[in-house]
Amino acid sequence: MKELLSFEQAPPFHVPLRFLLSAIPFGIAAGVLLMFSGDSLASRWTPTALALTHLMTVGLMLQAMCGALLQITPVAIGANVPAPTLLASVVHPCLLLGAICLVAAFLGAGEVFYFLGAIGLASGLLPFGLVALWALWRAPVRNPSRKALIVAVTGLLVTAVFGVALAVARGGGTVSPALVSTAAHFRMGWMVWGLALLSGASYLVVPMFQLTPQFPAPFQKFFVAGLAAAGLLVLWSPGHPAVDACLATLAASYAVVTLRLQRARRRPRVDSSFRFWQLALVSTCAAACLSLALPWLPDPSRAEVLLGLLVMVGGFDSVICGMMYKIVPFLTWLHLNNAGAKPLLMHHVIEESAMRIHLRLHAAALPPLLLTPWVPEMSVLAGALLAAAHIRQAHNMAIALGRYRERRKELVALP
Ligand code: HEM
């Protein structure tokens, strides 16, 4: 797999890194907000629930996935992203400020914050999405990951169009009623953007870092086509039970195929990154089953919140943590190697024992978190554990950066 990657196309280290590291404070903030959420997770529509949703989606997920995309696109697809440093210096602050303003708006800071959030997020996502699509479209490598990333970025832009319309409507502005669809908004966000990006990255990073067999070629080919078709179905009839059943089947099939590949891995020893992935895949299966059961539940309001927690914390947060424990050490090794510094092997960048502490805190946060819609008292423990898990993640990333800087300094000190 490594031989297919063109490392000379890798963007400067700080380009993906600034996004990846900015994801962590949103995870910490989500934990802290959860601690003080009381019983507001009894419904998905409370201000706290919507704020928590967007700390996880336009905060943690968006930052981490933009960083990963800026790294994977040139290296794995050979797609040349023009002026990555300039692009990052425009997109990164816009997305950060936009996410903070949108969350503040949900928490009651004032209607103007809906507009500021929408402007910030749109100002970051538009250049990012257009440049990424342009680079992917012109890419020399024509593999399934490329198609998946094109579908993912398109899904993100469509999610943002609905999101901006919803925010402007909440701020008291006038928008076309056709765009004020929360049902289309979040399904496009979780499924078409989130799952397409995850699958496109998985085809590369799961065999590479977890030493599993390749994803079956028919799966690589038809899964992304299925997601694209599902995206069109969501636009046609968002929330239709048949469309949701189709989305759930796609999510479950991705999770089951990847879990089976993990079982066929060549290296028996498993590390924390592997466990984070496993947690995410099992949460995805549970979420798919729950979403199929939802239409039959007498009062689905709390179960809908459980679905959101399974998808965002059990699923995306877990897999992003697992991926970061491979991407950051790998990039540290790569950029030190390219600079001619004394080599630092990937597993020496962050110790497995340090990652395991994060994994255990994150895994311990899930049971109380998933009970919170029914037992609000659990939100304090769940929030504290989730915040502690991301604080530990920040500490581990600081260790990696410290070692990177040390080696760079040694290089400068050389005669
Ligand atoms: C441009 C960025 C975004 C903006 C401006 C935005 C804005 C909003 C607004 C205003 C609502 C409240 C809707 C209502 O009043 O009914 C909302 C709901 C929601 N958004 Fe976003 N959003 C954005 C991105 C995302 C992304 C990327 C995701 C997921 C990946 C997401 C997931 C959700 C979810 C799950 C809900 C709650 C819907 C529910 O519980 O049914 N949003 N969004």
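The values are calculated or read from the model by the stated rules, or taken from the named source; none is laboratory data. As the structure is a prediction and not an experimental result, all values here were calculated from the model. Every residue, glycine among them, receives a Cβ derived from its backbone with ideal geometry; neighbour counts consider all protein chains shown. These accessible areas exclude ligands, DNA and RNA; they are computed on the full protein's heavy atoms, side chains included. Shrake-Rupley method; radii C 1.70, N 1.55, O 1.52, S 1.80 Å.
Assorted remarks:
- Dipole moment magnitude, nearest 20 debye, the stretch 227-302 about Cα centre, only Lys, Arg, Asp, Glu C-beta charged: 660
- Seen from Ala139, the other residues with C-beta closer than 11 Å to its C-beta sum to a net charge of +4, counting Lys and Arg as +1 and Asp and Glu as -1.
- Summary value for the stretch 2-413: 20 percent relative contact order, contacts being C-alpha pairs under 8 angstrom separated by 6+ residues.
- Between Leu386, Leu86, Leu197, the GNM of the chain built on Cα springs shorter than 10 angstrom shows Leu86 fluctuating the most.
- The spacing between the stretch 82-116 and the stretch 1-78, judged by their C-alpha centroids, is 14 Å.
- Karplus-based coupling profile of the stretch 118-126, in residue order and whole Hz: 4, 5, x, 5, 5, 5, x, 6, 4, with θ = phi - 60° in 6.51 cos²θ - 1.76 cosθ + 1.60 and x standing for Gly or Pro.
- Ratio Rg/Rh, restricted to the chain and using Cα atoms, in which Rh is the Kirkwood radius: 0.95
- Measuring r between the beta carbons of Val412 and Ala364 and using R0 = 41 Å, the FRET efficiency lands at 0.45.
- Accessible surface ranking for Met35, Met397, Met323, 1.4 angstrom probe, highest first: Met35, Met323, Met397.
- Helical content alone sets the calculated 222 nm signal of the chain at -24500 deg cm²/dmol, taking -39,500 (n - 2.57) per DSSP H segment of four or more residues and averaging over every residue.
- Per-residue ³J(HN,Hα) for the stretch 396-408, Karplus 6.51 cos²θ - 1.76 cosθ + 1.60, θ = phi - 60°, Hz, x for Gly and Pro: 5, 5, 5, 4, 4, 5, x, 5, 4, 5, 4, 5, 5
- Rolling a 1.4 Å probe over the protein heavy atoms gives the chain an accessible area of 41 Å² per residue.
- Entries in Lys147/Lys326; Lys221/Lys326; Lys221/Lys342 that, when Cα-Cα distance is taken, lie over 30 Å: Lys221/Lys342
- Here the Karplus curve 6.51 cos²θ - 1.76 cosθ + 1.60, taken at θ = phi - 60°, turns the phi angles of the stretch 287-299 into couplings of 5, 5, 5, 4, 5, 6, 7, 3, x, 9, 7, x, 10 Hz, with x standing for Gly and Pro.
- Of the accessible area of the chain, computed with a 1.4 Å probe over protein heavy atoms only, carbon and sulfur atoms account for 70 percent.
- Heavy atoms of His395: accessible area, 1.4 Å probe, square angstrom to 10: 90
- Selected from Ala99, Leu34, Ala339, residue furthest toward positive end of dipole (the stretch 2-413; charges at beta carbon): Ala339
- Radius 14 Å from Cβ of Asp39, net charge of other residues (Lys, Arg +1; Asp, Glu -1): +1
- Label point 7 Å beyond Cα of Thr182 along Cβ direction - residues of the stretch 355-387 with amide nitrogen under 12 Å: none
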